[in-house]
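Written out below as structure tokens is the structure these notes cover.
The values are calculated or read from the model by the stated rules, or taken from the named source; none is laboratory data. Since the model is a prediction, treat every value here as computed from it, not as a measurement. No Cβ is skipped: glycine too gets one built from the backbone with ideal geometry, and neighbour counts run over all protein chains shown. Ligands, DNA and RNA are excluded from the accessible area calculation, which covers all protein heavy atoms including side chains. Shrake-Rupley method; radii C 1.70, N 1.55, O 1.52, S 1.80 Å.
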Amino acid sequence: MIVESMTWLQAIVLGVIQGLTEFLPISSSGHLRIVSELFWDTDAGASFTAVTQLGTEAAVLVYFARDIWRIAMAWFRGLFDPGKRGDHDYKMGWYVIVGTIPVGVLGFLFKDQVRTGARNLWLVATMLIVFALVIAAAEYYGRKRRPIEQLTLKDGVIMGSAQALALIPGVSRSGGTISAGLFLGLTREAAARYSFLLAIPAVTAAGLFSLPDAFAPAGEGLNASGAQLIVATLIAFVIGYVTIAWLLRFVVDHSMYWFVGYRIILGLLVFGLLGTGVISAT
């Protein structure tokens, strides 16, 4: 694949797509891959995706600033005072740390595959549909009774393992973790909140790790300038913040089936475009 310079239109559009799709269970990496291939016959690149995710994760930090500060302080207090270790916020700190391990390990071991073969659009379309069915099953079978205060270490490990599946474009980080949470009996809001907190360490680390490659992609992806990366990341931050607020309100009274239908339609559309030769898989 020939490396091309990214245009400002591409940077802005991809920043908007990242902000809109990062927190919805529809796969931001899958959408960036599909949009860049459909309209520009190329790939935005895994590194560009990872860096713009820093914007959406900054939105999480701002939106959940009070929660994050409270959890961090409780965790530090508990490290030095055994009497504080029964505090739920102290435990939540460990749940986030432990839940991050699976995606960190697998992301490191399979980083090359994630940046290349995993971005094949046949695979993306397949994952959109397969995990739509997983989300539907979670919505149908999940009891949705447990609040976030009842989260356990076992829940954190299982949801963290589900987060690792999002290394494959088309799966969706929030889709995987929220589905796992629903299967475990958590309410939609509780699963979504922990999903957002759980993503912070992994996505931030991936974005920082990918910064050098984003400025000089080796053999694939659009070559974005520093200014374009900054603007796309800022756009992702603003839109991502609004999306978080909307999703947390939405899941209180609405099912995940809305996203299931969208994923299946999009997956079938991509299959159709691939089958007719309108877009290429790689």
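Side notes on the structure shown:
- Candidates in the range 19-36 are the residues that are of a type in the set (A, V, I, L, M) and in a helix (DSSP H, G or I); of these, the one that is surrounded by the most Cβ atoms within 10 Å (Cβ to Cβ) is Leu32.
- Of the criteria (1) in contact with a Pro (Cβ under 9 Å, 6 or more places away or on another chain); (2) open to solvent by less than 20 Å² (accessible area, probe 1.4 Å); (3) at pLDDT 90 or above, which one Gly45 fails: (3)
- Close contacts from the range 1-16, counting a first residue that is within 14 Å of His31 (Cα to Cα) and a second that is at pLDDT 95 or above and open to solvent by 90 Å² or more (accessible area, probe 1.4 Å), with Cβ to Cβ under 8 Å and a gap of 6+ residues or different chains, come to Gly15/Leu234.
- Residues in the range 51-60 that are open to solvent by 10 Å² or more (accessible area, probe 1.4 Å) and either under 15 Å from Ser195 (Cβ atoms) or at pLDDT below 90 (or both): Gln53, Leu54.
- Scanning the range 124-151 for residues that are open to solvent by 60 Å² or more (accessible area, probe 1.4 Å) and within 9 Å of Gly170 (Cβ to Cβ) returns a single hit, Val130.
- Test: Val260 is assigned to a helix (DSSP H, G or I) and at pLDDT 95 or above: yes
- Yes/no for Tyr95 being hydroxyl-bearing (Ser, Thr, Tyr), farther than 26 Å from Gly170 by Cβ and under 22 Å from the mean Cα position of the chain (by Cα): yes
- Contacts under 6 angstrom Cβ, first residue in the range 242-266 being more than 15 Å from Arg188 (Cβ to Cβ), partner outside any helix (DSSP H, G or I) and at pLDDT below 95, 6 or more apart: Thr243/Phe23
- Taken over the range 61-75, the criterion of being open to solvent by less than 40 Å² (accessible area, probe 1.4 Å) and touching a Gly at 6+ places or on another chain (Cβ under 9 Å) is satisfied by Ile71, Ala72, Ala74.
- Where a residue in the range 127-140 is on the phi < 0 side of the Ramachandran plot and of a type in the set (A, V, I, L, M, F, W, C) and its partner, wherever it lies, is open to solvent by 40 Å² or more (accessible area, probe 1.4 Å) and not in a helix (DSSP H, G or I), with Cβ under 7 Å and at least six apart: Met127/Ile168
- Of the candidates Gly104, Gly83, the single residue that is assigned to a helix (DSSP H, G or I), open to solvent by 30 Å² or more (accessible area, probe 1.4 Å) and at pLDDT below 90 is Gly104.
- Residues being open to solvent by less than 10 Å² (accessible area, probe 1.4 Å) and closer than 18 Å to Val51 by Cα - total across the range 175-200: 3
- Complete set of residues in the range 37-68 that are in a helix (DSSP H, G or I) and acidic (Asp, Glu): Glu37, Glu57, Asp67
- Taking first residues from the range 100-119 that are farther than 20 Å from Leu198 by Cα and partners that are assigned to a helix (DSSP H, G or I) and among the charged types (D, E, K, R), the Cβ contacts under 9 Å between residues at least 6 apart in sequence or on separate chains come to Arg115/Asp213; Arg119/Arg33.
- For the range 152-171, residues that are aliphatic (A, V, I, L, M), under 20 Å from the mean Cα position of the chain (by Cα) and open to solvent by 50 Å² or more (accessible area, probe 1.4 Å) total 4.
- Some residue of the range 165-179 being farther than 21 Å from Ala205 by Cβ and assigned to a loop (DSSP other than H, G, I, E, B): yes
For (1) farther than 29 Å from Trp8 by Cα; (2) among the hydroxyl-bearing types (Ser, Thr, Tyr); (3) open to solvent by less than 10 Å² (accessible area, probe 1.4 Å), each residue gets a yes or a no:
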position	(1), (2), (3)
Val252	yes, no, no
Ser255	yes, yes, no
Gly261	yes, no, no
Leu266	no, no, no
Val270	no, no, yes
Leu274	no, no, no
Ala281	no, no, no
